[in-house]
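Inspection log for the structure reproduced underneath, given as structure tokens.
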Amino acid sequence: MKNKPFTLLFTTLTFLLMGIFQPALADEFILDDAERFADLFTQSKPLDAKQLKNEYLKPGTKGVEIFTPRRIKNENNLIRAISENTRAYQKAIEICLPAARNIASDAKRVLKDVSTLLAQTQSAPTYILFGANNSGGTASKEGLSLGLEVLCRFADNEQAAKEVLLGFVAHEIIHVYQARLPENKQIKYTLLRQALAEGFADFIANQVLGKVTLSEVERHEFGLKNEAKIWAEFKTVMNGTNFKPWMYGRTGNERPKDLGYWLGKQIAQAYYDKARDKAKALQDLLQLKDPQAILLASGYNPT
């Protein structure tokens, strides 16, 4: 791994020495929705929309509430998704739900480590559930919801599922903290800003887990081999608002998707490495008040 890791101990001691360290609240890893869905799915009689509404959606946690508007939508959309790809749900129940149960303590540790690093004192619950097979997760100010049937696409056994789930928890929880930042209507959502927002989430996930996560291995390996070339291309368009082909989808060529994440992570790493005040650097990267200033201060410019 090319990035220089920093240790949790170093950053925690930094907070203590500065007198601003606050112990993070115990974070939650909530499986209630996933367990309830699995019970319904594995019963002897076929599922129907009414049952999903009354026994899955209505009694759902805050996680289901977060996941419903643009993903689950309603019970009719959910039953359609299940009928069209029943095997995806079956696989998730057989492989990924047991993995989620078995990583609960590790996931709570990851959530606590991230909140400690970023000096967050408000709990950020993570909800594991089943959606309409269209999203691996979404974050809001109130917490993180992860769709198990989608995340299970990346794993064919329980060990791989554990790695995938912990990687998504470590990355996506950053978006909860980003969502909680004060609203700023003057923000221009450029490609550079978005790359830094996602890259910072990967940066923190890598440090907390001690390795590159499974979901980013392909782009990480490609990036290391082609860093100067892709940076030269990226910097000519980074101040625009068109995220493709750098973010959120396939590139249409032989390159891995989401290379913008990787470049954002490289900039975040360079900024952190050069900063004397590591705690402040993490806050700068979380808040992203001035992406251009972060890039300039990072000195990132591979040639």
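For region 120-147: of the residues being in contact with a Gly (Cβ under 6 Å, 6 or more places away or on another chain) and surrounded by fewer than 20 Cβ atoms within 10 Å (Cβ to Cβ), which is nearest to Ser83 (Cα to Cα)?
Only one residue tops the list, namely Ser135.
Limited to region 142-175, what total is found for residues that are within 11 Å of the chain's Cα centre (by Cα) and in a helix (DSSP H, G or I)? Even if it seems obvious, please write down each step before you answer.
Restricting attention to region 142-175, the residues satisfying the condition of being within 11 Å of the chain's Cα centre (by Cα) are 144-146, 164-175.
From what is left, the residues that are in a helix (DSSP H, G or I) are 164-175.
Number of matching residues: 12.
Which of the residues spanning region 119-141 are over 15 Å from the mean Cα position of the chain (by Cα), at pLDDT 95 or above and assigned to a loop (DSSP other than H, G, I, E, B)?
Pass one, region 119-141, residues over 15 Å from the mean Cα position of the chain (by Cα): 119-123, 129-134.
Remaining after also requiring at pLDDT 95 or above: 119-120, 129-134.
Correct list: Ala119, Gln120, Phe130, Gly131, Ala132, Asn133, Asn134.
Quick one: count up the residues across region 53-91 that are crowded, with 18+ Cβ neighbours inside 10 Å, charged (D, E, K, R) and not in a helix (DSSP H, G or I).
Looking only at that region, the number is 0.
Looking only at region 180-209, which residues are at pLDDT below 95 and of a type in the set (S, T, N, Q)? Show your work before the answer.
Within region 180-209, the first condition is being at pLDDT below 95, and the residues that meet it are 182-189.
Across region 180-209, the qualifying residues are Asn184, Gln186.
Here's the yes/no breakdown for (1) at pLDDT 95 or above; (2) crowded, with 21+ Cβ neighbours inside 10 Å; (3) of a type in the set (A, V, I, L, M, F, W, C):
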| residue | (1), (2), (3) |
| --- | --- |
| Leu259 | yes, yes, yes |
| Gly264 | yes, yes, no |
| Ala268 | yes, yes, yes |
| Lys280 | yes, no, no |
| Asn301 | yes, no, no |
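Which one is farthest from the chain's Cα centre (by Cα), of the residues in region 176-189 that are farther than 24 Å from Gly137 by Cβ and not basic (Lys, Arg)?
At the first step, the residues of region 176-189 found to be farther than 24 Å from Gly137 by Cβ are 184-186, 188.
Next cut, not basic (Lys, Arg) only: 184, 186.
Details: Asn184: 22, Gln186: 25 Å.
Restricting to residues being farther than 24 Å from Gly137 by Cβ and not basic (Lys, Arg), the top hit is Gln186.
Out of (1) of a type in the set (Val, Ile, Thr); (2) buried (at least 23 other Cβ atoms within 10 Å of the Cβ); (3) under 30 Å from Lys53 (Cα atoms), what's the single condition that is false for Val150?
So Val150 meets the others, but not (2).
Condition first: at pLDDT below 95 and closer than 19 Å to Asp202 by Cβ. Can you find one or more residues in region 87-106 that meet it? First the steps, then the outcome.
Step one: list which residues in region 87-106 are at pLDDT below 95, which gives none.
No; the residues of region 87-106 include none that is at pLDDT below 95 and closer than 19 Å to Asp202 by Cβ.
The values are calculated or read from the model by the stated rules, or taken from the named source; none is laboratory data. In this text the structure is predicted, and so the values were computed from the model without any measurement. Glycine also receives a Cβ, built like all others from the backbone with ideal geometry; neighbour counts cover every protein chain displayed.
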